[in-house]
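Have a look at the structure below before the remarks.
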Amino acid sequence: MKLKFGVRAHDVAKKTDIDNLLSGVNDLDLEYIQLVIPKALKECDYSHENILRIQNSLRQHRIKVAMLGAYFNPVHCNKEIVMSGIENFKRNIEIAKELGCKYVGSETGSYNGSPWTYVPKNHTQEGFMKTQKIFSELIKYAQKINVNVLFEPAWAHIIYDVPMAKKFLDSFHMPNVFITIDLYNLLYEGNFEQRNEIFEKALRTFKNQVKIIHLKDGKVVDGKKIQLSPGQGQFDYPFMLHCIERYCPQAILIFEGVDRKNIAISLEKLKNIL
């Protein structure tokens, strides 16, 4: 099966018009985007007219929305911020079908508020239960509209490793919740050397429940993890691509947090490996 590649839209252009954005994606020879409307587009409202405009442009440029990003922090100390995040997620669920998109996704947040960095309380049962309750509401809402919810584990957040992600996913007992895997986010300085093992364990555990895989790279410099473009760090992409082909070849591979000028270079490196 041919692997499918895409890009986070606001890494191509920020606050631009939809046709300019999608022309940039076409130039990169990619067929999917991960779209956060307010970050990517200058016309960022969710009105019917604007969504129709986006829909028409997607069709003309032959680009598909792999996921609508509606990332929010479900354990933020400010309840108004949490409620705003929930409402935005629900609005994205409502427009997903209009855009031909099956998935709306978020990370699972941090008690630090903002930025979503690690604090010990993140890795507690209290955090798990609070986040599970909020995601359960969103998953039930999405099911009514026949849309799926994606959650993304990250070591610094509430759902922080593969076993916890498995427990979280299994807790819903619903058919419309799936997972995004981002190896860089699952790592910290203390487990960086186990990156191949962690990646394979994630894909082996979830298999076709993995719908999005974020493409990044990284290394540890002076005791600190830093992010790089795929092919510029220490990630073993021959091994990783082999795992993807073995366990979840239908997943869409999204360049995330990669400078536009580096995307084409990274894509060529990955295709040469394949």
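The values are calculated or read from the model by the stated rules, or taken from the named source; none is laboratory data. Source: prediction; values computed, not measured. Please note: Cβ atoms are built from the backbone with ideal geometry, for glycine as well, and neighbour counts cover all protein chains shown.
The set of residues in segment 134-158 being touching a strand residue (DSSP E or B) at 6+ places or on another chain (Cβ under 9 Å), assigned to a loop (DSSP other than H, G, I, E, B) and hydrophobic (A, V, I, L, M, F, W, C) consists of Val147, Ala154, Ile158. Counting just the residues of segment 24-47 that are outside any loop (DSSP other than H, G, I, E, B) and farther than 20 Å from Ile95 by Cβ, which one comes out farthest from the chain's Cα centre (by Cα)? Here the residue is Asp27.
If you take the residues in segment 186-238 that are among the hydroxyl-bearing types (Ser, Thr, Tyr) and more than 21 Å from Phe5 (Cα to Cα), which one is surrounded by the fewest Cβ atoms within 10 Å (Cβ to Cβ)?
From segment 186-238, those among the hydroxyl-bearing types (Ser, Thr, Tyr) are 188, 205, 229, 237; that's our starting set.
Retained after the next criterion (residues that are more than 21 Å from Phe5 (Cα to Cα)): 188, 205.
On the way: Tyr188: 15, Thr205: 17.
Selected residue: Tyr188.
Determine whether segment 12-23 contains at least one residue that is part of a loop (DSSP other than H, G, I, E, B), at pLDDT 95 or above and buried (at least 17 other Cβ atoms within 10 Å of the Cβ). No, segment 12-23 has no match at all.
Check Gly233, Gly218 and return the single one that is more than 28 Å from Asp170 (Cα to Cα) and either out of contact with any Asp or Glu (no Cβ under 8 Å at 6 or more places or on another chain) or among the acidic types (Asp, Glu) (or both).
Details: Gly233 fails: either out of contact with any Asp or Glu (no Cβ under 8 Å at 6 or more places or on another chain) or among the acidic types (Asp, Glu) (or both).
Checking each option against the conditions leaves just Gly218.
Against the list (1) at pLDDT below 95; (2) buried (at least 21 other Cβ atoms within 10 Å of the Cβ), the condition Met1 fails is (2).
Inspect all residues belonging to segment 251-271 and state whether any of them is modelled with pLDDT of 95 or more and either over 19 Å from Val12 (Cβ atoms) or surrounded by fewer than 13 Cβ atoms within 10 Å (Cβ to Cβ) (or both). Within segment 251-271, one or more residues are modelled with pLDDT of 95 or more and either over 19 Å from Val12 (Cβ atoms) or surrounded by fewer than 13 Cβ atoms within 10 Å (Cβ to Cβ) (or both).
Of all residues in segment 192-224, those that are in contact (Cβ under 8 Å) with a residue 40 or more places away in the chain and among the basic types (Lys, Arg) total 5. Residues Ile244, Ile265, Ile213: which one is of a type in the set (Val, Ile, Thr) and touching a Gly at 6+ places or on another chain (Cβ under 9 Å)? Matching residue, one of Ile244, Ile265, Ile213: Ile265.
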